[in-house]
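A.B. asks: Pasting in a structure now, in structure tokens, and then I'll have a few things to ask.
The values are calculated or read from the model by the stated rules, or taken from the named source; none is laboratory data. Since the structure is predicted, the reported quantities are computational estimates derived from the model, not experimental observations. Glycine also receives a Cβ, built like all others from the backbone with ideal geometry; neighbour counts cover every protein chain displayed. The accessibility values were calculated without ligands, DNA or RNA, using every heavy atom of the protein model including side chains. Shrake-Rupley method; radii C 1.70, N 1.55, O 1.52, S 1.80 Å.
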Amino acid sequence: MIRFENVSVQFDQRRVLHDISLTLTEKRIAVVGANGSGKSTFVRLLNGLQTATSGTVTVDDFNPAKDGRKLRRHVGFVFQNPDNQIVYPVVEEDLAFGLKALKLPKDEVHRRIDEILARYDLTDFKTHPSHLLSGGQKQLLAISGVLVMNPRYVIFDEPTTLLDLRNRNRVERAIAKLDQTVITVSHDLDLIADYDRVLVFDQGKIALDDTPANALPKYREMMA
Ligand SMILES: Nc1ncnc2c1ncn2[C@@H]1O[C@H](COP(=O)(O)OP(=O)(O)OP(=O)(O)O)[C@@H](O)[C@H]1O
């Protein structure tokens, strides 16, 4: 369970999140809103990439402000641009990178890597240079690098923005199949149309908190 209690975030003199209080228990939660409304700041609070200026964030038994390292294994984060996420020059090395910190037996490391490559049709690219993958394959590799760690939550920050329609659809299907709790920031409203809950951000506050069926038509009106 995720809980925000009176959470605000301020950069210099500017408040970008205002006194957010909520509890998240749903399996698929979408975060939408205009550019600069605070969506990324909100989700970055969930794995300690961002700390609250005031208030408390709790993710299960973790306090992201204090348990950053442990929490990053519990809460995986997929960035918009996979180039910011893929750090090693060869596909299998990139997947092994995070796993090293878990100190797993070698055969378990290989098993997890082979399983995730197979899941996303990347097996043939196991020993390929990561930077030569297509944009869609890179995004799937970035997702694989997060999932191979078996996180409890996966956050996607605009996962389809840079993709063509075919790869967008692949990523949509990949997200839909996940067992984890998923929190997705997106401007792609079709991507989140069947989610359980939508949080609509407006100038650092939650303007709407509802099902997609109720929230999205109102959001479209807000943006008209
Ligand atoms: N590290 C930072 N230092 C200063 N200002 C920041 C920082 N991070 C974000 N901001 C500012 O906070 C506000 C909210 O940014 P945020 O990235 O959370 O918005 P967003 O809703 O995710 O926007 P977008 O849809 O454009 O990605 C913006 O005005 C942004 O410029």
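A.B. asks: From the list I175, I192, I183, I206, which one is touching a strand residue (DSSP E or B) at 6+ places or on another chain (Cβ under 9 Å) and away from the ligand (no atom under 16 Å from the Cβ)? First the steps, then the outcome.
C.D. replies: Numbers: I192 fails: away from the ligand (no atom under 16 Å from the Cβ); I183 fails: away from the ligand (no atom under 16 Å from the Cβ); I206 fails: away from the ligand (no atom under 16 Å from the Cβ).
Unique residue meeting the criteria: I175.
A.B. asks: Whether any residue in region 131-154 is within 16 Å of the ligand (Cβ to nearest atom), part of a loop (DSSP other than H, G, I, E, B) and in contact (Cβ under 8 Å) with a residue 24 or more places away in the chain is what I want to check. Write out each step before concluding.
C.D. replies: Of region 131-154, the ones within 16 Å of the ligand (Cβ to nearest atom) are none.
The answer is no, given that none of the residues of region 131-154 is within 16 Å of the ligand (Cβ to nearest atom), part of a loop (DSSP other than H, G, I, E, B) and in contact (Cβ under 8 Å) with a residue 24 or more places away in the chain.
A.B. asks: Still on this structure: Considering only strands (runs of 3 or more DSSP E) fully contained in region 1-51, which possess at least 1 residues that are open to solvent by 50 Å² or more (accessible area, probe 1.4 Å), of a type outside the set (F, W, Y) and at pLDDT 95 or above?
C.D. replies: 2-11, 14-24
A.B. asks: Moving on. Taking only pairs six or more apart or across chains, which ones have beta-carbon atoms under 7 Å, a first residue in region 37-65 that is over 16 Å from S186 (Cβ atoms) and polar (S, T, N, Q), and a second residue that is in a loop (DSSP other than H, G, I, E, B) and away from the ligand (no atom under 13 Å from the Cβ)?
C.D. replies: Every condition considered, the pairs that remain are N47/P64; T51/A65.
A.B. asks: Which numbered condition in (1) open to solvent by less than 70 Å² (accessible area, probe 1.4 Å); (2) of a type outside the set (V, I, T); (3) farther than 28 Å from D60 by Cα; (4) within 16 Å of the ligand (Cβ to nearest atom) is the only one that N167 fails?
C.D. replies: If we test N167 against (1) open to solvent by less than 70 Å² (accessible area, probe 1.4 Å); (2) of a type outside the set (V, I, T); (3) farther than 28 Å from D60 by Cα; (4) within 16 Å of the ligand (Cβ to nearest atom), just (4) comes out false.
A.B. asks: A further question on this structure: Within region 20-41, which residues are under 11 Å from the mean Cα position of the chain (by Cα) and near the ligand (Cβ under 7 Å from one of its atoms)?
C.D. replies: Across region 20-41, the qualifying residue is only S40.
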